[in-house]
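K.L.:
I'd like to ask you about the structure that follows.
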Amino acid sequence: MMLESDVVEAMRVAAQAAVDKKAFQLVGLEVTELTSFADAFLLCSAASERQVAAIVDEIVERLKAGGRRPLHVEGDGPGGWVLVDYGDVILHVFTEEKRSYYALDKLWGDARTVSPDELGLDSDGFALEQ
């Protein structure tokens, strides 16, 4: 099953915003077939708790500019993990330590990985020119 174009676009905008704030290890997961509460996850890592907050702020601001508002935000920068729920897309921004500890990449290992190209990124995770 392929993701709806609006879901892919939201993931692309979020990925671009995250990369612009120096996020790394971006992974998109299609979870449509695995859960009823979302179609996709976007996971990314940050070097510090402060950077987690900056990445989340940038993602929320850019998606808001496109008419999307989060349904719920859980966590904060000092906690090392922020979840931003847009209904169809759930964003997870972690410090490296928290990402390693919670291992969502492995927990959702059966999910299809959304290619970097679909997210507007090159294979190294850098934003492609628009």
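The values are calculated or read from the model by the stated rules, or taken from the named source; none is laboratory data. Treat the numbers as computed from the prediction; the structure is a model and nothing was measured. Here the Cβ is made from the backbone with ideal geometry for all residues, glycine too, and neighbour counts use every protein chain on show.
K.L.:
Please determine whether any residue of the range 39-56 is out of contact with any helix residue (DSSP H, G or I) (no Cβ under 6 Å at 6 or more places or on another chain), assigned to a helix (DSSP H, G or I), within 22 Å of Ala103 (Cβ to Cβ) and in contact (Cβ under 8 Å) with a residue 60 or more places away in the chain.
P.N.:
Within the range 39-56, not a single residue is out of contact with any helix residue (DSSP H, G or I) (no Cβ under 6 Å at 6 or more places or on another chain), assigned to a helix (DSSP H, G or I), within 22 Å of Ala103 (Cβ to Cβ) and in contact (Cβ under 8 Å) with a residue 60 or more places away in the chain.
K.L.:
Okay, moving on. Using beta carbons and a limit of 6 Å, which pairs, at least six apart or on different chains, have the first residue in the range 67-82 and over 17 Å from Ala38 (Cβ atoms) and the second one of a type in the set (Asp, Glu) and surrounded by 13 or more Cβ atoms within 10 Å (Cβ to Cβ)?
P.N.:
Cβ pairs passing all conditions: Gly77/Glu49; Pro78/Glu49; Gly80/Glu49.
K.L.:
Provide a single number: the residues in the range 16-56 that are hydroxyl-bearing (Ser, Thr, Tyr) and modelled with pLDDT under 95.
P.N.:
3
K.L.:
Of all the residues that make up the range 83-109, how many are outside any helix (DSSP H, G or I), out of contact with any Leu (no Cβ under 6 Å at 6 or more places or on another chain) and within 22 Å of Glu33 (Cα to Cα)?
P.N.:
Number of matching residues: 7.
K.L.:
Which ones in the range 57-66 are assigned to a helix (DSSP H, G or I) and either touching a residue at least 24 places away in the same chain (Cβ under 8 Å) or within 13 Å of the chain's Cα centre (by Cα) (or both)?
P.N.:
Result: Asp57, Glu58, Ile59, Val60, Glu61, Arg62, Leu63.
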